[in-house]
Amino acid sequence: MRKTMHPESSMMTHGYQPEWSEGALKCPIFQTSTFVFKNAKSGQSFFELAYGLRPKKSKESPGLIYSRINNPDLEILESRLCLWDEADSAAVFSSGMAAITTTVFELCSPGDIILYSEPLYGGTAHFFEKILPRFSIRPISFPAALGPASAIERLNRAGGKKKLSMIFVETPANPTNDLVDIAACSKFAAECSSSKRKVVVAVDNTFMGPLWQKPLSLGADLVLYSATKFLGGHSDLIAGVCLGKKDLLERVRTLRAFLGCMADAWTGWLLLRSLETLKIRMSEQAQNASRIAERLLKYPQIERVYYPSLLPADTPQGRLYASQCLGPGSMISFDIRGGRKQAFKFLDALKLIKLAVSLGGTESLAQHPATMTHVDLGPKLRRRLGIGENMIRLSVGVENYSDILKDIEAALRAF
C-alpha cells in the first residue's frame with residue numbers, strides 16, 4: 001500500500017483492519033489503560049521488548065501492554081504519519097513542546113552543545129536558553145538565513161565541534177518566515193560528526209507541514225511538529241510528533257514512555273480523523289494565503305509582507321524557497337506602518353479573523369508576536385531578529401478568501 005498509493009489515499013485505511021474491531025469502518029477509540037495478555041509467556045515477551053532486554057525476532061511485533069507505552073490508536077496514527085514524511089518511525093506526544101523537550105533530552109547530554117536557528121517559537125527558545133543550561137547543555141544560536149556555519153566562531157569558543165550533539169532548526173522561522181537551508185545544516189552536521197559521535201539534525205516543520213516541505217529528504221535526521229496545528233487542524237487538541245530514523249526514534253520513544261508524555265487515545269483518534277482531510281485543508285489554506293499575501297502588498301498601511309512565495313527569485317532566500325519548499329504554506333507576517341498602538345488597533349478591529357495564538361486551524365487567527373508568543377525574548381533580541389512592535393502574524397484558514405480580505409481591509413480603515 002505504501003509504495004502504490006498516495007498518502008492522502010492511505011490515510012483512510014493504512015494500519016487498520018476492520019475485522020479486528022467488529023467490522024467498524026473507522027478505528028475505534030481504545031479508551032483503556034491496560035491490555036490483557038494471552039498468557040504469562042506473552043507478557044514476559046512484551047516486557048522484554050518494551051525495555052530493550054533483547055532484540056526483536058524476525059516477524060515479531062511488540063504487544064500491547066499499557067497505554068503509557070503503546071495504544072492501538074497511537075500505533076495506527078504513527079504508521080500513517082510516517083507515510084507523509086516517508087519516515088522510518090514516529091512517536092506522538094502530549095504536545096509539541098513535549099516532543100521537542102523529550103527528543104533533546106534523549107539526544108543531548110550534560111556538556112553538549114545544541115546549535116539552533118533563530119528566531120524560534122517562543123516556547124522552544126525559552127527551553128533552549130533558560131532550561132537547558134540548568135542541565136549543563138549549552139545553546140548557541142545562528143541567524144536562520146545565514147545557516148549554522150555563521151556560528152562557527154562561537155562554536156569554537158565554546159569547545160568546538162567535538163561537543164556539538166544537535167543542530168535544531170525551525171524553517172520557516174516563527175514569525176519572520178526566514179528559511180533555513182536544511183541540506184546545508186545536514187552537510188555541516190556531517191562535518192562535525194565522527195565515528196563515535198553523530199551530530200543529529202532536527203527540523204521543526206510545523207509551519208510548512210508535511211505537504212510543503214520534506215526535511216528528511218533534504219538530509220535531516222528528525223522532523224518535529226506541533227500536531228496541534230495543521231495535523232490536528234481544528235483547534236481542538238494538543239499534541240506533538242517526532243519522526244525520523246528508526247534507531248533515533250527507538251531512543252526517543254523509550255524516554256517518552258518513562259517521562260509519561262505520550263498522547264492519549266482520544267487525541268490519537270482525533271488526529272486520525274484530521275489526517276484524512278490534511279491535504280484538502282492545507283491546500284485551501286495555502287491558496288487563500290497566496291491571494292491574501294499578494295493583496296497585502298497593495299495596502300499603503302502595510303510596510304512589509306513576509307511570505308515565502310514573495311521572496312525575490314534571484315536572492316539566496318528566494319533560491320532556497322525554490323529548491324527546498326513545495327509550496328508557500330499559509331502563514332503570513334506583515335508590518336503595520338507605525339508601532340504597537342497601530343498594531344493593536346488593527347487587531348482589535350478584526351471580526352472574522354480571531355485574535356488568538358496558535359495556528360494551522362480551519363479558522364483564521366491573528367496575533368502580535370512582540371507582546372505575545374515572543375515576549376520572553378526581550379526587546380533588544382526581538383529587534384535584532386526583526387520582530388518589531390508593528391508586526392502581525394496571520395494564520396490563514398479555510399474561509400472564503402474574499403471574506404478574509406474584507407475583514408483585513410475594514411481593520412486597516414480603523415486607523
Original post:
Applying the selection to segment 69-89, what residues are touching a Gly at 6+ places or on another chain (Cβ under 7 Å) and more than 17 Å from L249 (Cβ to Cβ)?
Top reply: D73
Original post:
Out of segment 144-184, which residues are of a type outside the set (K, R), part of a helix (DSSP H, G or I) and in contact (Cβ under 8 Å) with a residue 24 or more places away in the chain?
Top reply: P148, A149, A151, L155, I182, A183, A184
Original post:
If you scan segment 44-64, which residues turn out to be loosely packed, with under 14 Cβ neighbours inside 10 Å and over 29 Å from the mean Cα position of the chain (by Cα)?
Top reply: Q44, L53, R54, P55, K56, K57, S58, K59, E60
**OP:** Considering only residues that are out of contact with any helix residue (DSSP H, G or I) (no Cβ under 8 Å at 6 or more places or on another chain) and touching a residue at least 60 places away in the same chain (Cβ under 8 Å), look in segment 373-399 and name the one that is farthest from T277 (Cα to Cα).
**Re:** G386
Original post:
When the residues of segment 216-265 are filtered to those that are of a type in the set (D, E) and in a helix (DSSP H, G or I), which remaining residue is farthest from V357 (Cα to Cα)?
Top reply: D247
Original post:
Within the set of pairs 6+ apart or on separate chains, which have a first residue in segment 241-265 that is small (G, A, S), a second that is in a helix (DSSP H, G or I) and buried (at least 24 other Cβ atoms within 10 Å of the Cβ), and C-beta atoms under 6 Å apart?
Top reply: A265/D73
**OP:** Look at L320 and say whether it is of a type in the set (A, V, I, L, M, F, W, C) and over 14 Å from A173 (Cβ atoms).
**Re:** no
Original post:
With respect to G233, is the statement that it is in contact with a helix residue (DSSP H, G or I) (Cβ under 6 Å, 6 or more places away or on another chain) and surrounded by 21 or more Cβ atoms within 10 Å (Cβ to Cβ) true?
Top reply: yes
Subject >> Residues satisfying the stated conditions in segment 342-354, i.e. surrounded by 15 or more Cβ atoms within 10 Å (Cβ to Cβ) and not in a helix (DSSP H, G or I) >> reply: L350, L352, I353, K354
**OP:** Among residues belonging to segment 217-227 that are touching a residue at least 60 places away in the same chain (Cβ under 8 Å) and surrounded by 24 or more Cβ atoms within 10 Å (Cβ to Cβ), point out the one that is farthest from the chain's Cα centre (by Cα).
**Re:** L222
**OP:** Tell me which residues, restricted to segment 117-144, are among the hydrophobic types (A, V, I, L, M, F, W, C) and farther than 15 Å from G386 by Cα.
**Re:** A125, F127, F128, I131, L132, F135, I137, I140
**OP:** For segment 1-43, enumerate the residues that are exposed (fewer than 11 other Cβ atoms within 10 Å of the Cβ) and either in a helix (DSSP H, G or I) or among the aromatic types (F, W, Y) (or both).
**Re:** E19, A40, K41
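Bear in mind that the values in this text are calculations on the coordinates, not laboratory data. This one's a predicted model, so the numbers in the text were calculated from it and none came from an experiment. Glycine also receives a Cβ, built like all others from the backbone with ideal geometry; neighbour counts cover every protein chain displayed.
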